[in-house]
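Only one structure is covered here, and it is reproduced in the block below.
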Amino acid sequence: MILSRRVVLAGLALSGTKVPVLAQAAPEPQLIPVELIENALSLPSAVRLGHPHGDVIMVEYFDYNCPWCKRSAQALPELLKAEPELSYVLVNFAVLSPQSVAATRAALAYLQLAGPGRYLPLHLALFSLRGTVDGARALAEAERLGGDMKRMTELADSETTTGWMKDAFATGNDLGLVATPSFLIGTQAYIGGMSLEQKRDAIARARG
């Protein structure tokens, strides 16, 4: 989903607005300074999947109400299976709506309780839901996966969670990410949706 710079900055204030879905062309790679990539990888909210020390690192900035992010999530298990040497990093980037902000708060609360090793099932579950994903629905899914509702509700509204979200917005803004999903693959940024084949092609290019 394409975003304006204004929407990204609105997300930084935790009060984004919905934007219409636009057609997604195959994104062109953009060279990114290494220090900005390192900033993204150092986010406390970043969830690492796949190989712990992969030959290529791929970072996805996503929103739980983004239709192209949903497609990306649906293809994620297949990508991880096809690319066993890949390190894949998830970054919550809730910029599309207040409902997205609330859903991300719930997801990050679960992350703090369960740890990154148990996050992927929640990630896939939230993207399997139909309709708008808000805080209540995200908490319900997290509880179904074993999260304590009372503790998650407290953590969702905590200063830690707010700080994590602001840090993610800041790195996304520094990277010039104006669409969800956006990907960092090696030292290149791809802003917008990518098919599984396009991702694998970009990973192969990053390997040289």
Review point. Within segment 140-158, can one find any residue that is more than 23 Å from Pro121 (Cβ to Cβ), in contact (Cβ under 8 Å) with a residue 24 or more places away in the chain and among the polar types (S, T, N, Q)?
Key: no
Check your understanding: Any residue at all in segment 91-105 that is farther than 19 Å from Arg48 by Cβ and among the basic types (Lys, Arg)?
Key -> yes
Point to revise | Hits in segment 104-147 - residues which are part of a loop (DSSP other than H, G, I, E, B) and among the hydrophobic types (A, V, I, L, M, F, W, C) | key: Leu129, Val133, Leu145
Practice item. Within segment 169-208, track down each residue that is open to solvent by less than 50 Å² (accessible area, probe 1.4 Å) and charged (D, E, K, R). Key: Lys199
Exercise for review: Considering each of Glu60, Glu78 in turn, give the residue that is acidic (Asp, Glu), modelled with pLDDT of 95 or more and either surrounded by 22 or more Cβ atoms within 10 Å (Cβ to Cβ) or in a loop (DSSP other than H, G, I, E, B) (or both).
Suggested key: Glu60
Review point. Out of all the residues in segment 175-183, is one or more hydrophobic (A, V, I, L, M, F, W, C) and in a helix (DSSP H, G or I)?
Key: yes
**Study point:** Condition broken by Asn65, with the remaining ones in (1) in a loop (DSSP other than H, G, I, E, B); (2) of a type outside the set (Asp, Glu); (3) farther than 18 Å from Ser182 by Cα; (4) open to solvent by 20 Å² or more (accessible area, probe 1.4 Å) satisfied
**Key:** (3)
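The values are calculated or read from the model by the stated rules, or taken from the named source; none is laboratory data. All values reported here derive from a predicted model rather than from experimental measurement. Glycine gets a Cβ as well: all are built from the backbone with ideal geometry, and neighbour counts include every protein chain shown. What goes into the accessible areas is simple: the full protein's heavy atoms, side chains included, and nothing from ligands, DNA or RNA. Shrake-Rupley method; radii C 1.70, N 1.55, O 1.52, S 1.80 Å.
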